Every structure is written in C-alpha cells, then in structure tokens.
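Heads up, the thing below is written out as structure tokens.
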Amino acid sequence: YTHTHVFFTCACSRACVSTCTGRNKALLVYIKWRLGMCARKLGHLKDAVRLFRQVTRDCPFLSAHENLIEALLEMKNYADVQQVLSKYDDLGLPKSATICYTSVLLRARSAGELPLVSVDINRGGVTNAELELVSSISRAVEFNPHVPQYLLEQKSFVLPPEHVVKRGDSEAVAYAFHHLRHWKQIDSALVVLHYSWMTAIAHLQNPTLQGRYFHPYPTSTRDGDGQILPSHHSVSTHPFKHTPVSIKVNLLGCTLSFLIGLVLQTFPAPVKAGWLVMNHWFLIPLEMCSQLLEHYFPAIWLTLSEG
C-alpha cells in the first residue's frame with residue numbers, strides 16, 4: 001500500500017461513485033473511509049484528508065468528520081479544523097467527544113495562558129475568550145465526563161475498540177488514544193483542563209435527570225462499555241461520587257464518639273479502672289518533670305507558676 005496506490009484508488013472511486021447509486025454508492029463510500037484510515041496510519045495525511053472530505057461530502061452523517069479533524073490536527077491546520085467544527089457543531093447534528101473536546105482545544109489555544117484557569121464568571125475582568133473557554137469546557141464535560149481523566153493521564157487506557165458507546169467510557173478511551181498528542185502540543189491546553197474539569201463536574205446538578213446543553217446522561221452506557229472494553233479495564237462511571245474530606249472526618253468523629261459511649265455504657269467498671277491506671281501513668285512522669293524543672297531551673301519554674 002503506497003502513495004501511488006492511494007491516489008489510483010481515489011481516482012477509481014471518484015470515477016465510479018458518479019455512476020453508482022444506492023447500495024453500491026454506500027459501499028464505495030465505506031471503502032473510501034477505510035482507505036482514508038489506512039492512509040492516515042501510513043502517514044499520507046494529504047491523501048487521508050482528501051478521502052475523508054469526499055466521505056463527509058457524500059455521506060455527512062457518518063463519523064468520517066472525526067477522522068478528518070484528527071488528520072487536520074496532525075497537520076496543525078487549525079483553520080481548517082475550525083471550519084469543520086463550525087459545520088458539524090450544530091444543535092441538529094449528533095455530537096461526539098471529538099467535536100466537543102476539539103472545540104475546547106482550539107479555544108485553549110486561542111486564549112493562551114490564563115492567570116486563573118478555574119475562572120469565576122462573577123468576578124470582574126473576565127475576557128470573552130475566557131468565557132467561551134469555560135463554556136466549552138462545561139459543555140464538553142457534560143457530554144462525556146470520562147475524557148479528562150484519560151487526557152490528564154490520571155487513568156490508564158487500553159487500545160480503542162472498533163465500536164464505541166456515545167458519551168461512554170469507550171468513546172473517551174478512543175478519543176484520548178488518538179488525540180492526546182495533539183493536546184500535548186498546545187502548552188496551556190492540559191493546564192486549562194486540569195483546573196477546570198472538576199469544577200464543571202461539580203456544577204452538574206442531577207446529570208442523569210436533566211442536562212444543560214444535552215439530553216440527560218444515559219445510565220445504560222456502563223453496560224455497553226462493559227461489553228465493548230476488555231475485562232481487565234476498569235470502566236468509569238458517572239456521576240462521580242467524590243466524598244469531601246470534611247464529611248469523612250465528621251463521620252470518623254461521630255463513629256468514635258458512638259463507640260466510646262457504647263463501651264462506657266456496657267463496661268463501666270473496667271473502663272473506670274483503666275482510666276485511673278492511664279492517669280496514674282501520665283501523672284507520675286508529669287510530677288517528676290515538674291520536680292526536675294523546679295530543682296534545676298527555678299527561675300523558669302517561678303515564671304510558669306506566676307503565669
């Protein structure tokens with residue numbers, strides 16, 4: 001499979017697609033799509049982009065535009081990426097993690113280094129670029145909240161499966177596998193995501209019941225991901241259940257208080273005897289220390305006594 005073969009196949013496909021309709025045309029479109037993937041893996045980016053553009057033109061509802069976006073990012077052709085996003089990032093078309101998170105990537109690139117990435121919109125001095133960036137992060141996290149963990153390498157991922165579940169862990173794995181290097185090429189992108197995605201998660205109220213930008217998050221994604229992804233991979237769940245540290249400390253304190261009260265109520269005599277023994281152990285060393293302090297450092301002892 002060489003550059004010449006790709007060009008010859010493209011020419012043959014263009015010649016045949018104009019004379020074929022229905023089932024044959026769909027087959028040729030699928031062949032073009034697969035040839036584009038082969039060209040992308042072999043590094044023939046221009047041929048891959050040309051094939052993906054033809055597929056998106058002949059059948060816009062295929063996900064070939066995601067392959068087109070990835071190939072354009074590899075070429076660092078950000079203007080064309082933005083053009084593709086403006087075409088497919090529409091409310092009437094199906095969304096994907098590639099569309100949502102590539103929008104975040106481009107906005108992070110245009111915004112540059114931010115002094116405070118977890119931006120508070122209520123404070124003053126927030127630029128339009130920062131507002132658009134925060135909005136795009138919230139939108140992307142609501143669509144697929146599993147992606148940031150893989151992009152930030154907080155969770156290990158496996159080879160992407162052939163098929164993915166939209167808004168599921170399998171889609172996050174596939175996106176991170178193919179796009180992580182593009183995020184690393186833009187300095188501030190991962191920093192922005194690191195400080196913003198948990199804030200965006202916290203702002204989601206009952207994501208399985210109502211959504212702000214999209215439909216409520218489907219609870220059936222975990223079942224589909226469990227069938228697609230290998231068994232050794234830990235499938236992410238949503239909504240995330242992170243217990244604050246203060247709640248854990250309060251729970252520990254309440255549990256200890258309950259246990260102490262229960263022991264005092266059940267075994268009062270042994271507890272009293274043990275308490276006297278412990279006081280005796282602690283009082284004797286304290287008395288010895290005070291006598292030594294009074295004997296060797298009378299001035300300091302006098303000052304402590306007066307205080």
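The values are calculated or read from the model by the stated rules, or taken from the named source; none is laboratory data. These numbers come from a predicted model, not from an experiment. Here Cβ is always computed from backbone atoms with ideal geometry, including for glycine, and neighbour counts include all displayed protein chains. Heads up: the accessible areas ignore ligands, DNA and RNA and are worked out on the full protein's heavy atoms, side chains in. Shrake-Rupley method; radii C 1.70, N 1.55, O 1.52, S 1.80 Å.
Miscellaneous remarks
- Distance from region 270-295 to region 169-233 (C-alpha centre basis), Å: 59
- A 1.4 Å probe run over the protein chains yields, for region 130-209, 43 Å² of accessible area per residue, whole-number rounding.
- Around SER136: net Lys/Arg minus Asp/Glu count, Cβ-Cβ under 14 Å: +1
- Cα gyration tensor shape of region 170-300, rounded if a/c is under 1.5, else prolate or oblate by comparing a/b with b/c: prolate
- Shape class for region 257-300: prolate, because the ratio a/c of the largest to smallest gyration tensor axis (alpha-carbon atoms, square roots of eigenvalues) is 1.5 or more and a/b beats b/c.
- By a 1.4 Å probe calculation restricted to protein chains, VAL277 has an accessible surface near 70 Å², given to the nearest 10.
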